[in-house]
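Starting off with a structure, shown below.
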Amino acid sequence: MQPVGKYIVIVGVVIVVLGLLIWFAGDKLNWFGNLPGDIKVEKKNVRVYFPITTMLLLSALLSLLLWLFRKFF
């Protein structure tokens with residue numbers, strides 16, 4: 001059970017760091033979700049949003065971080 005506790009603590013620290021980043025730098029992240037390639041459709045009663053480019057960027061960054069984590073730990 002020791003490794004499970006270690007991973008839970010690591011995930012908790014990552015969540016806290018991301019929360020602090022959003023809290024303190026949230027106004028500087030306006031571009032996130034408004035990239036070219038993100039599809040927005042706003043009609044009278046319907047609002048549809050497909051953040052395709054944002055999710056591709058997020059996926060690439062998370063893949064890089066996980067690769068680095070596995071390489072060094």
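The values are calculated or read from the model by the stated rules, or taken from the named source; none is laboratory data. Small disclaimer: the values here were computed from a predicted structure and weren't measured. Neighbour counts are summed over all protein chains in view; Cβ atoms, including those assigned to glycine, are modelled from backbone coordinates with ideal geometry. Protein only, heavy atoms only, side chains kept; ligands, DNA and RNA dropped before computing areas. Shrake-Rupley method; radii C 1.70, N 1.55, O 1.52, S 1.80 Å.
In sequence order, what are the phi-derived ³J(HN,Hα) couplings for segment 54-63 according to the Karplus relation 6.51 cos²θ - 1.76 cosθ + 1.60 with θ = phi - 60°, rounded to whole Hz, with x for glycine and proline?
4, 5, 5, 5, 4, 5, 5, 5, 5, 4
What is the magnitude of the charge dipole of the chain about its Cα centre, with +1 placed on the Cβ of each Lys and Arg, -1 on the Cβ of each Asp and Glu, and no other charges, expressed in debye to the nearest 20?
120
Using just the helices of the chain, give the 222 nm mean residue ellipticity in deg cm²/dmol: DSSP H runs with n ≥ 4 each add -39,500 (n - 2.57), and the total is spread over all residues, rounded to 500. Present the calculation step by step, with values, prior to reporting the outcome.
Working: 2 runs with 45 residues, N = 73.
-21500 deg cm²/dmol, from helical runs alone.
How large a share of the accessible area of the chain, in percent, is made up of carbon and sulfur atoms when the probe is 1.4 Å and the other protein chains stay in place? Working shown, then result.
Values: 4990 of 6790 Å².
C and S atoms contribute 74 percent here.
Still on this structure, I have one more. Give me the accessible area per residue for the chain, probe 1.4 Å, as a whole number in Å². Mind dumping the intermediate values first?
Details: 6790 Å² over 73 residues.
Normalised by residue count, the accessible surface of the chain is 93 Å².
Calculated from the structure, Rg/Rh (Cα atoms, Kirkwood Rh) equals which of [x] 1.07; [y] 0.97; [z] 1.11?
[z]
If you don't mind, another one. What is the sum of charges, Lys and Arg at +1 and Asp and Glu at -1, for the other residues whose Cβ falls under 12 Å from the Cβ of Ile52?
Overall, the nearby charge balance is 0.
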